Structures are given as C-alpha cells and as structure tokens.
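Input: a single structure, listed below in structure tokens.
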C-alpha cells in the first residue's frame, strides 16, 4: 500500500513538473514571438521611413497630319497682278506635357515676290494666326499647348504672289511640321510637299 502511494506521489510530482515546464516553454515561445513581431514592426517602420518609391510617367507628345495639299496656283491678269491660293490639311495630337508648340519650316526660300503662310486651329493652345514660313528658322504656329487632345483641326496653307512675282510653272517646297517639347528635347516631325505656281490668265488666252 505504501509502495502504491509512493508511486502515485511520484507520478503527481512528475505531472506537476511537466506542466510547469510546458508552461514555461509556452511563455518563452509567446515572449519570443512578441519580440519578433515588435522587431519586424520596427524594422518595417524604419524601412518605410527611409525608402521612398517614385513612380514616373513618361512624357507623351504625339502628332499626326492627314491629307495632301493640292497645288496652290495663283491665277492673275494684267489688271490684277497679285493673289493667293489656299488649301487645308488636318492634324491630331496627344500630349501629357504642358507648354508644347507646333512649328513649321521651309527647306529652302520661296521665289522672289511670293510667300507661303500657315495658320493652325487649336482648342488647348494659342494659335499665332496666319504666320509666314521661313527657311532660316522655324515659325511657331501654335504655342502654349496644354495637356490634352486635338482632333481633326485644320492647318491652312496660303500661297501669296505679289505684283513683283514672275509667272512660273509649278515648283515645290518641303515643309516640316513639328510638335515640339522643348523641356524634354522631343520632336514629332511630319513632312508635307507643297506645289505652287503663278499663271497669267491673259497670257493663257493669247496663246490660244
């Protein structure tokens, strides 16, 4: 009987020690887990405070010019020796950069007594009106274009022959039209070949 009691007492002591040990292990585990979570939280907080991620948006400046310019011919007479001819093409553009411009330039000077002009419509920029094109420098057609879209707006070419211009058959000049983003050094260029001439109708009638 005493032996049984001794065994029971020994078993109870082992059980108490095991429960105590398990309790200590559990406390140690949760303490370690808490410290780990705190350390992770601090590290994340410090990392988020010292590292910044910047997301950049690429500049977009895209333009298209549709349509061909029919020959610009000035028909004049001995009594009315000056005149002009006008034709229109159309353009679209997309830009997410404010302050871009549309400019145009001739490849070579016009014949004496003649000039070529360009006028552009705009809803998000400032049209500079009818502007004479030059071979020596680009001419700004539309300035201060804001972010947005332009759809199917006109670019009107005008060929002007003055009284001192000679009659001549068709000649041509190349006009480079460009959407210019000066800030980022970007240009979207489009080339149009313009044919033009000056014809005296009195001379045509006398030749018949």
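Here, each number is a calculation from the coordinates, and none is a lab measurement. Just so you know, these numbers come straight off a predicted model, no measurement behind them. When we count neighbours, we look across all protein chains shown, and the Cβ atoms used for this are built from the backbone with ideal geometry, even at glycine.
Annotations for the structure displayed:
- Placing a label point 7 Å from the Cα of residue 60 along the Cα-to-Cβ direction, the residues of region 74-100 whose backbone N falls under 17 Å from that point are 92-100.
- Cα pair count fraction exceeding 20 Å, expressed as % - region 129-203: 46
- Shape parameters for region 61-206, alpha-carbon atoms, Rg then Dmax in Å: 16.6, 58
- Counting every other Cβ atom within 10 Å of each residue's Cβ, 191, 73 order from fewest to most as 191, 73.
- Within region 110-125: backbone nitrogen closer than 16 Å to the residue 151 label point (7 Å, Cα to C-beta): 122-124
- For the pair residue 108 and residue 127, the difference between a 0.36 nm per residue extended length and the Cα-Cα distance amounts to 4.4 nm.
- By the count of neighbouring beta-carbon atoms within 10 Å, fewest first, 86, 137, 76 end up ordered 137, 86, 76.
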